[in-house]
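These notes concern the structure reproduced below.
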Amino acid sequence: MKRLWTPVSMYWRLALVLAAIAASIVAGLLWWADGAWPYSAMPTKGFVRTLAFSAAAVASLGVSRLWR
Amino acid sequence: MRGRTRFRLCFDVLGVLLVLAAWVTVFYYWDSTRVYVKRWKADSPYVYDEIRPEHLAADAHDYMKISDRDSADRIRGDLSQVIWGARQPDHALMPDEVRRDLLEKRPDTDDCPELEYLDNETLLRLHCQLHRYESWQDLADIDELVVQVGPVYLSSIGLFYPRDPNGVLVIFQNGYASTYHHQYRHIHSLIQAGYTVAAANHIGYGDNHCRQPNELAEWCGIGWGNFNKPLPMRVHFSPLLAAINYAERRMGFSRIAMIGFSAGGWITSVMAAVDERIDRSYPVAGFMPPYLQREGERPPDQMYDPLFDAASMLDQFVLAADRESRRQVQIFNQYDRCCYENRRALLYEDAIRAAEVGIGGGEFRVLIDDTHPQHKISRWAISFILEDLGKGDWP
């Protein structure tokens, strides 16, 4: 039970940061591919929101890691 | 649990949720998955997928007056009469002013920043947007055609010259809520293929404005349904007529096509019906015949009843391809976030084709673009248009 309440391990945290960055990369590729709007498969709004969530995720996990 | 651990746990949980949110956002906005989201959120299957029974039951022939060659010519004359007060478009109408070589001469831009700051969606002006075009290797230069309609309304058309022209003029008519500068990638695609492009904005957008502010409501308001001026439809069609006349008489163009987006699609439909020199027309997401409309699908500029009394939308479609050499291809976005979605436009395709056969007309097609859920001309659509323009079957 105690284990359940332990903050995520370093490896999991790293995986989550990579997942956040990957989301931004995927959104960016979809947004930019084929010449951006109106040809892209991702509107600018979607790209910006994905970037915002990813950045916030990295920041949040970073704060958690740094708070020893 | 110690406070510090709890604090870290909060940020860890928040981090996990934010990573999930980032991926959910990707799939929420990615066109391919967004289509499923929109279908799932739709109020009924009739929004995007199924066709309403009353629409299925309607007969397109009931909304058409054209029955033979004579009636087609007569109805085109009626349409011209409503727009210009004459049975034929005036082929002598020319732009009031031609501002040449904007890229080379670089006009003064002192008035630009304030306009862009106020409203960059609607007031982007050609001489302020030249930076978008200066890096295009295939673009030779840009002229601006200025046409005055009535006492105060000024309309501007940007004439984009490719370095290697193929002898075809393509008119690009934009609609509400943006300017053709926002569609610059479409214009670039056309320029790269060698087409000379005449780009026009909707009334009140870009450089299209009323000279005197106190007249604004009356002349510029025509685009929003205030039709209390003589021959109000001139504000939409006279600038295009002048541009076609200029291209034909001063520049020698005989091959003319027109692409229109959103409200510009409706303008394209009418212009191709009334001016026989437009051999290819491609209205995109721009209208729906009244008997197939859902609530809110008739924008104010389409509410001028005399125009539709002269020629129903279906009659206009027939007129747009009424000669063997002429063709109209209408494109609708099945999952359009704005309007004219669904596949209902296919319901009148056969009736229009049959009418074209009856009068010795050309080709009419309706295409449904299901590649995205936006209100736009997609890559798929512009690729089709470029391929169709390049077929080489011009008269």
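The values are calculated or read from the model by the stated rules, or taken from the named source; none is laboratory data. No experiment lies behind these values; they were computed from the predicted model shown. Ideal geometry is used to build each Cβ from the backbone, glycine not excepted, and the neighbour counts take in all protein chains shown.
Structure above, values below:
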{"read-out": "Residue count for the stretch B:347-371, restricted to those that are within 14 Å of another protein chain (Cβ to nearest Cβ) and over 18 Å from the mean Cα position of the chain (by Cα)", "value": "2"}
{"read-out": "Contacts under 8 angstrom Cβ, first residue in the stretch B:30-52 being closer than 20 Å to A:A33 by Cβ, partner of a type in the set (V, I, T) and surrounded by 14 or more Cβ atoms within 10 Å (Cβ to Cβ), 6 or more apart", "value": "B:D31/B:T371"}
{"read-out": "Boolean, B:A199 is buried (at least 21 other Cβ atoms within 10 Å of the Cβ), in contact (Cβ under 8 Å) with a residue 24 or more places away in the chain, under 20 Å from the mean Cα position of the chain (by Cα) and outside any helix (DSSP H, G or I)", "value": "yes"}
{"read-out": "Output for the stretch B:4-59, where each listed residue is over 27 Å from the mean Cα position of the chain (by Cα), facing chain A (nearest Cβ under 10 Å) and among the polar types (S, T, N, Q)", "value": "B:T5, B:T25"}
{"read-out": "Tally, over the stretch B:337-395, of residues that are in a helix (DSSP H, G or I), under 22 Å from B:R34 (Cα atoms) and of a type in the set (K, R)", "value": "2"}
{"read-out": "Criterion (surrounded by fewer than 24 Cβ atoms within 10 Å (Cβ to Cβ), under 15 Å from the mean Cα position of the chain (by Cα) and more than 23 Å from B:Y184 (Cα to Cα)) met by exactly one of B:Q334, B:Q293, B:Q302", "value": "B:Q302"}
{"read-out": "Looking only at the stretch B:348-395, and only at residues there that are without any contact (Cβ under 8 Å) to a residue 24 or more places away in the chain, charged (D, E, K, R) and touching a strand residue (DSSP E or B) at 6+ places or on another chain (Cβ under 8 Å), the one that is nearest to B:V318 (Cα to Cα)", "value": "B:R353"}
{"read-out": "Positions within the stretch B:235-246 being buried (at least 21 other Cβ atoms within 10 Å of the Cβ), out of contact with any helix residue (DSSP H, G or I) (no Cβ under 7 Å at 6 or more places or on another chain) and of a type outside the set (S, T, Y), in sequence order", "value": "B:P239, B:L241, B:A242, B:A243, B:I244"}
{"read-out": "Extreme residue, nearest to B:G223 (Cα to Cα), among residues of the stretch B:149-164 that are more than 21 Å from the chain's Cα centre (by Cα) and modelled with pLDDT of 95 or more", "value": "B:P162"}
{"read-out": "Residues being crowded, with 16+ Cβ neighbours inside 10 Å and either more than 7 Å from every other protein chain (Cβ to nearest Cβ) or acidic (D, E) (or both) - total across the stretch A:44-58", "value": "3"}
{"read-out": "B:Y246 under 30 Å from B:G167 (Cβ atoms) and under 15 Å from the mean Cα position of the chain (by Cα)", "value": "no"}
{"read-out": "Output for the stretch B:305-331, where each listed residue is aliphatic (A, V, I, L, M), in a strand (DSSP E or B) and crowded, with 22+ Cβ neighbours inside 10 Å", "value": "B:I331"}
{"read-out": "Qualifying position, being surrounded by fewer than 24 Cβ atoms within 10 Å (Cβ to Cβ) and under 17 Å from the mean Cα position of the chain (by Cα), among B:M288, B:M271", "value": "B:M288"}
{"read-out": "B:S178 vs. criteria surrounded by 14 or more Cβ atoms within 10 Å (Cβ to Cβ), modelled with pLDDT of 90 or more, of a type in the set (S, T, Y) and within 16 Å of B:N208 (Cβ to Cβ)", "value": "no"}
{"read-out": "Residue identified as touching a helix residue (DSSP H, G or I) at 6+ places or on another chain (Cβ under 8 Å) and closer than 16 Å to B:A354 by Cα among B:A273, B:A285, B:A320, B:A263", "value": "B:A320"}
{"read-out": "Any hit, the stretch B:56-68, residues being part of a helix (DSSP H, G or I), touching a residue at least 60 places away in the same chain (Cβ under 8 Å) and surrounded by 15 or more Cβ atoms within 10 Å (Cβ to Cβ)", "value": "yes"}
{"read-out": "Any chance B:V47 is of a type in the set (V, I, T) and in a helix (DSSP H, G or I)", "value": "no"}
